[in-house]
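Here the structure comes first, spelled out in structure tokens, and everything after it is commentary.
All of the numbers you see were taken from the coordinates with simple rules; none came from a lab. Given the structure is predicted, the values throughout are model-derived calculations rather than measurements. Note that we place each Cβ from the backbone using ideal geometry, even for glycine, and neighbour counts take in every protein chain shown.
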Amino acid sequence: MFDALANLVVFDWLGLDPASHAGATLHFFVMDTVQIFFMLVVIIYVMGLLRALLSPERVRDYVRGKPKWMARSTAVGLGAVTPFCSCSSVPLFIGFVEAGIPLGVTFSFLIASPMINEVAVVILAGILGWELTLMYVAAGLTVAYVGGMVIERFKPERWVEGYVWKIQMGQMNLPEPDTSLRGRHRYAMNEVREIVGRLWKWVVAGIAVGALFHGYVPEGWVSEHLGGKDNWLAVPGAVLLGIPLYSNATGVIPVAEAMLGKGVAIGTTLAFMMSIAALSLPEMIILRKVIKWPALALYAGVLAVAFILVGWGFNLVTA
């Protein structure tokens, strides 16, 4: 359906040659724009209906009191199905700390949340297939679990901003959500407006970058610099390239699609996706509100090393 619409617009209405750089670029852009935004709106609305029942306090209370391995597993799982943004990260972080949950567990949540979410997973599967999607999710969950354990070894509690420890639990309590069908519908519609309104520029930018990469970057150049599994420097380079770029797991999917289409190794592509999703500068600025620079540097360093290892590992085991 989406491919047919792109063919109609680009080749029939605009008369561009499918073999031309401009035709290939615009076809990619139109098809992915329609497909991703359609799926984005539908999935955010459906998940909004369910997420109205999941407040930060319920997340916090569900994790509290469990054995550490279970708490970490729960935190990683909840991180994969809850949004990570400025409106939710700070309250959840403070709430977790106040509840006595180890910071290593909290960091596992914060690692999983930007890298893996239901919207990105469904869109990734729809565009790139379930095999790559499951690889990405498995790698993300592993990095979140192990990364939190490594960070916990450094006793990061000493690097939490002082005001976090002074906030009383009562101040963090939010009003109980309206869980009626009408209330959940309003919540879901607000989620669509807020999330799409916040992300659309970055999604379009990601599609544009992917389209230009798809249409204009020669396959020979890609094979020489990024394509080979034996190019060990390609993975660290992809991780470093992703840090200054701001996007999310959804917005980077078109870029990954174009990279794979040009022959970039799977591990290099996965490392690039993870770096953009979890190590972008805006995410670091958000975290800086509650943790000091040493903890932020530790967080970024652990993730960068983990993403490089993931990229190398997948490049070794995939054809």
Subject >> Pairwise FRET efficiency - His21 versus Met1, Cβ, R0 = 30 Å, nearest 0.05 >> reply: 0.75
**OP:** Please sort 1-7, 106-112 by packing, taking for each peptide the average over its residues of neighbouring beta carbons within 10 angstrom, highest first.
**Re:** 106-112, 1-7
**OP:** Would you please put 294-305, 259-270 in order of how densely packed they are, using the mean number of other Cβ atoms within 10 angstrom per residue and starting with the highest?
**Re:** 259-270, 294-305
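Taking R0 as 30 Å, what FRET efficiency do you get between Asp61 and Val34 from their Cβ-Cβ distance, rounded to the nearest 0.05? Intermediate values should be presented prior to the final figure.
Values: r = 41 Å, r/R0 = 1.37.
The computed FRET efficiency comes out at 0.15.
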Original post:
Using θ = phi - 60° and the Karplus curve 6.51 cos²θ - 1.76 cosθ + 1.60, what whole-Hz ³J(HN,Hα) does each residue of the stretch 270-280 get, with Gly and Pro shown as x?
Top reply: 5, 4, 5, 4, 5, 4, 5, 6, 10, 10, 5
Original post:
What is the set of long-range amide H partners of Arg64 at a cut-off below 5 Å, with H atoms built 1.01 Å from backbone N?
Top reply: none
**OP:** Hey, can you grab everything whose amide H is under 5 Å from the amide H of Ile291? Only 5+ residues off in sequence or another chain; H modelled, so Pro and N-termini drop out.
**Re:** Glu161
